[in-house]
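**Q** Okay, handing you the structure first.
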Amino acid sequence: MDKQILINAIIEQLEKIHQVALSATQTAIDAATDDETVPEHKYDTLALEASYLAHGQALRVQECESDIQQYKRLPVRVFELIDNVKIGALVELIDEKDRRFLFFMGPCAGGVTVECQGKEVSLLTSKAPLGTALLGKQVGDEISLNIAGKQIWYELVHIS
């Protein structure tokens, strides 16, 4: 898979998320400043709650903008089969049921999934348990995680 195309697809997906966040922020601002939310008595907190929501949405917009910039600045690294997993690596894992998964080790935006060249790629950060377990691994290494009391096993089968 061409990593530059993948990074462009990630940026495009993050820009869509950013647009949704912008829209939600504007909706929250409108609700906070609407004449209908003016407090009628000291226990009426609708306007205050709406302003907290607007503030939270504005922070989400800033986070989205930061995520986009981090991916725009991310260098495209080519990994060899003997390299260790680090930020910028596209890895393929196989589980105990022979299902294959593609993950891109990114600097942020973990959990986002993108479609690229007909394949689904999930973004993973070093903060996630799987991301932490993958860092420093090489092709052929096994990863075992205990998630919610269940043991999950993967083998790293490809890195690029």
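**Q** Search the stretch 1-48 for residues being of a type in the set (D, E) and within 28 Å of G111 (Cα to Cα), and hand back the single one that is modelled with the lowest pLDDT.
**A** That would be D2.
**Q** While we're looking at this one, here's another question. Here is a list of conditions, (1) without any contact (Cβ under 8 Å) to a residue 24 or more places away in the chain; (2) of a type in the set (A, V, I, L, M); (3) part of a strand (DSSP E or B), and A133 meets all of them except one; can you say which number that is?
**A** With (1) without any contact (Cβ under 8 Å) to a residue 24 or more places away in the chain; (2) of a type in the set (A, V, I, L, M); (3) part of a strand (DSSP E or B) applied to A133, the lone miss is (3).
**Q** Can you name the residue in the stretch 125-159 that is under 17 Å from A109 (Cα atoms) and among the β-branched types (V, I, T) and, of all such residues, is surrounded by the fewest Cβ atoms within 10 Å (Cβ to Cβ)?
**A** T132
**Q** Tell me which residues, restricted to the stretch 1-38, are within 17 Å of G88 (Cβ to Cβ) and part of a helix (DSSP H, G or I).
**A** Across the stretch 1-38, the qualifying residues are K3, Q4, I5, L6, I7, N8, A9, I10, I11, L14.
**Q** Scan the stretch 94-105 residue by residue and report those that are within 16 Å of A133 (Cβ to Cβ) and part of a loop (DSSP other than H, G, I, E, B).
**A** Scanning the stretch 94-105 gives a single hit, E96.
**Q** In addition: Answer yes if at least one residue in the stretch 26-42 is surrounded by fewer than 18 Cβ atoms within 10 Å (Cβ to Cβ), closer than 30 Å to D2 by Cα and not aliphatic (A, V, I, L, M), and no otherwise.
**A** Checked the stretch 26-42: no residue is surrounded by fewer than 18 Cβ atoms within 10 Å (Cβ to Cβ), closer than 30 Å to D2 by Cα and not aliphatic (A, V, I, L, M).
**Q** Across the stretch 8-25, which residue is surrounded by the most Cβ atoms within 10 Å (Cβ to Cβ) among those that are charged (D, E, K, R) and under 17 Å from R73 (Cα atoms)?
**A** E15
**Q** Let me ask something else. Can you give me the number of residues within the stretch 107-126 that are touching an Asp or Glu at 6+ places or on another chain (Cβ under 9 Å) and either farther than 22 Å from K72 by Cβ or small (G, A, S) (or both)? So that I can check it myself, show each step before the final result.
**A** Of the residues in the stretch 107-126, the ones touching an Asp or Glu at 6+ places or on another chain (Cβ under 9 Å) are 107-109, 112-114, 116-117, 121.
After this cut, where a residue has to be either farther than 22 Å from K72 by Cβ or small (G, A, S) (or both) as well, the list is 109.
Residues in the stretch 107-126 being touching an Asp or Glu at 6+ places or on another chain (Cβ under 9 Å) and either farther than 22 Å from K72 by Cβ or small (G, A, S) (or both): 1 in total.
**Q** On to the next question. Which condition breaks for G88 when tested against (1) surrounded by 14 or more Cβ atoms within 10 Å (Cβ to Cβ); (2) touching a helix residue (DSSP H, G or I) at 6+ places or on another chain (Cβ under 9 Å); (3) not in a loop (DSSP other than H, G, I, E, B)?
**A** Result: G88 fails condition (3) only.
**Q** Here's a follow-up. Contact list please: Cβ distance under 6 Å, first residue in the stretch 80-101 and touching a residue at least 40 places away in the same chain (Cβ under 8 Å), second residue of a type in the set (S, T, Y), pairs at least six apart or on different chains.
**A** Going by the 6 Å Cβ cut-off, the qualifying pairs are L90/S160; L93/Y154; D95/Y154.
The values are calculated or read from the model by the stated rules, or taken from the named source; none is laboratory data. Here the structure is a predicted model, which is why all the values come from computation and not from measurement. Here the Cβ is made from the backbone with ideal geometry for all residues, glycine too, and neighbour counts use every protein chain on show.
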